[in-house]
1. State the answer as a single residue: which of 170, 24, 92 lies farthest towards the positive end of the charge dipole of the chain, with beta carbon charges of +1 for Lys and Arg and -1 for Asp and Glu, about the Cα centre.
2. Please report 24, 165 as a ranked list, fewest other C-beta atoms within 10 angstrom at the top and most at the bottom.
3. Lys and Arg at +1, Asp and Glu at -1: add these up for the other residues within a Cβ distance under 15 Å of residue 32 and post the number.
4. Test of understanding: ordering 163, 137, 75 by Cβ neighbours within 10 Å, fewest first, what list do you get?
5. Please list the non-local residues whose amide H lies under 5 Å from the amide H of residue 142, H modeled 1.01 Å from N, same-chain partners needing a gap of 5 or more.
6. Per residue and in cubic angstrom, what volume does the convex hull of the Cα atoms of the stretch 1-160 have?
7. If we count other beta carbons within 10 Å of each Cβ, what is the order of 72, 173, fewest first?
8. Separation between the residue 176 and residue 17 pseudo-spin-labels, each 7 Å from Cα along Cα→Cβ, expressed in nm?
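Values in this text are rule-based calculations from the coordinates and carry no lab data. As the structure is a prediction and not an experimental result, all values here were calculated from the model. Here the Cβ is made from the backbone with ideal geometry for all residues, glycine too, and neighbour counts use every protein chain on show.
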Amino acid sequence: MSEPSARPLEAPPAERRRRSFAWHDPIAAARAGRQLSGLDYLRAILAGSVPAPPIMATLGFGLAELEAGRAVFTCTPQEFHYNPFASVHGGLAATMIDSATACAVLSLCPIGQSMTTLELKVSFVRPITVESGALRCEGRIVHAGRRVATAEARILDGAARLCAHGAATCLFVPLAE
């Protein structure tokens, strides 16, 4: 068995790719959201009147549809999502599922209330690659109580095949003054 190389492998300069992106101050956006219900805050993000959270620019996904108790995110897989095995890293699917379930729950919050994810479970069904086409992750409320809500989400590829599914438990929390 050979020892690992002391130097990391680097692609030849002609094969290197670059990516850049920009984002807005997330604290300012969150402050703007404090004056809105969760649904109205998410509607403002969808409309572009409140900047989207930086994670969306970082991973290249976005909020596409919204209604009370339901949120849909979309993403087209790119090479920069790849893991060492030349398929999309599971973290992208997990983040999309977390976002869709959390926003489904957040859409139920009145002014002065927010939520946080307590638990997230993700099941991967098939590999995602750049050939998978546009991904669609739909999150829906399963149950909403006074303090805790559960939601589930499914990610479908461009051919409407199930790629991953998951569930989250979220806690409603009052916004601190």
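1. Going by the Cα projections, it comes out as 170.
2. 24, 165
3. +1
4. 163, 75, 137
5. 150, 151, 152
6. 167 Å³
7. 173, 72
8. My value for the distance between the label points is 4.0 nm.
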